[in-house]
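The block underneath contains the structure these notes are about, expressed in structure tokens.
All of the numbers you see were taken from the coordinates with simple rules; none came from a lab. Small disclaimer: the values here were computed from a predicted structure and weren't measured. When we count neighbours, we look across all protein chains shown, and the Cβ atoms used for this are built from the backbone with ideal geometry, even at glycine.
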Amino acid sequence: MINRDNLVRSSALAVRVAAIANGAFVCALLLGLAASWLMADRLAALLPGDDLAEKVAGLRWMMALGLAMAGGAFVVLRALGGMVATVAAGDPFIAANTDRLHRIGWALLFLQLLDIPGYAIRWSFPALGSAGPDAGLSPGGWIAVLMVFVLARIFAAGTAMRDDLEGVV
Amino acid sequence: MPIIVTLDAVLERKGMTLTQLSEAIDLTLANLSILKTGKAKAVRFSTLEAICHVLDCQPGEILAFERD
């Protein structure tokens, strides 16, 4: 019981820390985007070469992609936080958690699909070189998407069974 | 619900309280109250067996069916 409580508490803490890190990531990206326009001269000094305009445009697209990723991560973390809270309360088999799992599944699918604009940025802005988005295919991510949707169905069945059991003496 | 729980009458006949029965069959008083007041959705055979064993009665003495 103590181990389980610790696990729930650690999970809640990890989700909170990740949410804060995600928020900081968004702030950094917004600052970076603003700086790419407001401090263009300094950027020119930081990025030497003839293809400065391409590099700056590529960086802006990368930051926009980062914002989209942070949006997906926000949905995942918010839903996960809600689920962990219900586990802590001792009543996780509720319909709201099935909805949360669905939301996590869709958000993970969205994050996986962001590989496509990642490829596009890498292909469109070769001047970025190794700084371009790492747009490698990740089978693990696709399996995770599938797994979350299957888990949502299992959860829905579990919730229905729990509803049946309620009121059984 | 057309299923009527007549546990009260059997308890009175046997001179037993709900608390004593709950202790005897190791079921919480809250759950036994749910059964007694007819709010239970279902009854486990094991619960029915324990009640019948302690009250020395038949399931038909605790449960009755009434048409709407």
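Miscellaneous remarks
- Distance in nm between pseudo-label sites at A:ASP91 and A:MET147 (7 Å out along the Cβ direction from Cα): 3.0
- Normalised contact order of chain A, rounded percent, pairs of Cα under 8 Å and 6 or more residues apart: 25
- Among the residues of B:43-51, the average count of other protein chain beta-carbon atoms within 10 Å of the residue beta-carbon is 1.
- Rounded to the nearest 500, the 222 nm mean residue ellipticity of chain A from helices alone is -28500 deg cm²/dmol, with -39,500 (n - 2.57) taken per DSSP H run of at least 4 residues.
- All other residues whose Cβ lies under 12 angstrom from that of A:VAL168 are scored, Lys and Arg at +1 and Asp and Glu at -1, for a net of +1.
- Of the DSSP H helices in chain A, those whose Cα atoms cover at least 30 Å axially and whose Kyte score averages 0.0 or more: A:2-38, A:52-89, A:139-165
- Per-bin percent of Cα-Cα distances, segment A:2-165 [10 Å]: 10, 28, 29, 18, 11, 4, 1, 0
- Under a model in which nothing but the beta-carbon of Lys, Arg (+1) and Asp, Glu (-1) is charged, chain A shows a dipole of about 200 debye around its Cα centre.
- One Cα centroid belongs to segment A:99-152, the other to segment A:18-86; the line between them spans 16 Å.
- Of the residues B:CYS52, B:THR6, B:ILE34, the one whose Cα sits farthest towards the positive end of the charge dipole of chain B is B:ILE34 (charges of +1 on Lys and Arg Cβ, -1 on Asp and Glu Cβ, taken about the Cα centre).
- Sum of side-chain charges, A:ALA88 neighbourhood, beta-carbon under 15 Å (Lys, Arg +1; Asp, Glu -1): +2
- Taking the Cα centre of chain B as reference, the dipole from Cβ charges on Lys and Arg (+1) and Asp and Glu (-1) amounts to some 180 debye.
- For the peptide B:28-41, the mean number of other protein chain Cβ atoms found within 10 angstrom of a residue's Cβ is 2.
- Near A:VAL168, the amide H atoms lying under 5 Å from its own belong to B:LYS41, B:ALA42; only residues 5 or more places off or on other chains count, and H is placed 1.01 Å from N.
- Relative contact order %, chain B, counting alpha carbon pairs below 8 Å whose residues are six or more apart: 55
- Projecting the Cα atoms of A:ALA88, A:LEU128, A:LEU46 onto the dipole axis of segment A:2-165, where Lys and Arg carry +1 and Asp and Glu carry -1 at the beta carbon, places A:ALA88 farthest toward the positive end.
- For the residues of A:162-169, the average number of beta carbons from a partner chain within 10 Å of their own beta carbon is 5.
- Choice from A:GLY141, A:GLY132, A:GLY90 with maximal GNM fluctuation in chain A (Cα, 10 Å cutoff): A:GLY90
- Summed side-chain charge close to A:ALA127 - residues other than A:ALA127 whose Cβ falls under 14 Å, Lys, Arg +1, Asp, Glu -1: 0
- Per-peptide average of other Cβ atoms within 10 Å, ordering A:99-108, A:31-40 highest first: A:99-108, A:31-40
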